[in-house]
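The block underneath contains the structure these notes are about, expressed in structure tokens.
The values are calculated or read from the model by the stated rules, or taken from the named source; none is laboratory data. Only a predicted model underlies this, so the values are computations on that prediction, with no experimental measurement involved. Note: ideal-geometry Cβ built from the backbone for every residue, glycine included; neighbour counts use all protein chains shown.
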Amino acid sequence: MLPLILAGLAVSRIADAQAEGRKEALRKAMRAYQLNQAHLGQAATEQLIAQQTPEARATELATLTADRAKSLRDTVASVQTSNPTQIAGKLSPDYQRSQEAAANTVAERTRRAIEQLSTMGAPGEQSLQQGIRFGRAAGTVDASNSAIGRVGNAFMGDINNTVPNPGMKLLGSGMMAYGAGGMGAGGAMAAAPEQLSGPGMDAPTSTSSRVRRAFSLWGRKAN
């Protein structure tokens, strides 16, 4: 019955190996997911740090200043276009010169105002942009960490609940038990003839032994 025991043991080990394979596949999937989420959080952090360098901040400030200046110039130009100033009749050269000087003065004042407003407003807008970027990066990192924790717990639950195939384990245990029972019965049968003793149970192996046994039964001693 030893082959049956070995076969049952093999079936049981196959079931264990299959269960361990499923657990390892779940572990790999969990590690891959967690690694991907960690990369997302790391990328968001690195991008935020890259935008916080002195060079990047200076470039951003210059861009914001230029954009604000352009927006103000466009606004002033649209107002001037929608409200043209026209004077009927012939104008004297002195009046024209005075009007031109006044227009130049207004234009210069407008230019300086636009420049000052752009320069003063750009740092505040830059701080606003930095806050938005920081919030986005923090949200990405927080979401990645939360996903790693939640999905990791779900994977661990699946891993802990993965057990060998109960049918194969039962079959293997039954085969080993049956084989062990057969070996026990065979051993008892083999040992039975050696354990039996008493009158008539020991077969004489020669004539002299049979004679001595007969005289012993009669209470006499054979010569």
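With (1) without any contact (Cβ under 8 Å) to a residue 12 or more places away in the chain; (2) under 30 Å from LEU40 (Cβ atoms) as the list, and ALA137 as the residue in question, which single condition is left unmet?
Here ALA137 clears every test but (1).
Find all pairs meeting these conditions: Cβ atoms under 6 angstrom apart; at least six residues apart or on different chains; first residue within segment 107-123 and in contact (Cβ under 8 Å) with a residue 40 or more places away in the chain and under 12 Å from LEU64 (Cα atoms); second residue part of a helix (DSSP H, G or I) and among the hydrophobic types (A, V, I, L, M, F, W, C).
Qualifying pairs under 6 Å: SER118/ALA69; ALA122/LEU61; ALA122/LEU64.
Would it be correct to say that GLY21 is of a type outside the set (D, E, K, R), at pLDDT below 90 and more than 16 Å from the chain's Cα centre (by Cα)?
No.
Identify all residues within segment 140-157 that are of a type in the set (S, T, N, Q) and free of Cβ contacts under 8 Å to residues at least 40 places away in the same chain; write none if there are none.
Scanning segment 140-157 gives SER146, ASN153.
Got at least one residue in segment 47-61 being closer than 30 Å to PRO166 by Cβ, under 52 Å from the mean Cα position of the chain (by Cα) and among the charged types (D, E, K, R)?
The answer is no, given that none of the residues of segment 47-61 is closer than 30 Å to PRO166 by Cβ, under 52 Å from the mean Cα position of the chain (by Cα) and among the charged types (D, E, K, R).
Only one residue in ALA44, ALA29, ALA56, ALA77 is surrounded by fewer than 12 Cβ atoms within 10 Å (Cβ to Cβ) and either without any contact (Cβ under 8 Å) to a residue 12 or more places away in the chain or not aromatic (Phe, Trp, Tyr) (or both). Which one?
Going through ALA44, ALA29, ALA56, ALA77 in turn, the sole match is ALA77.
Can ALA17 be described as assigned to a helix (DSSP H, G or I) and under 21 Å from GLY152 (Cα atoms)?
no
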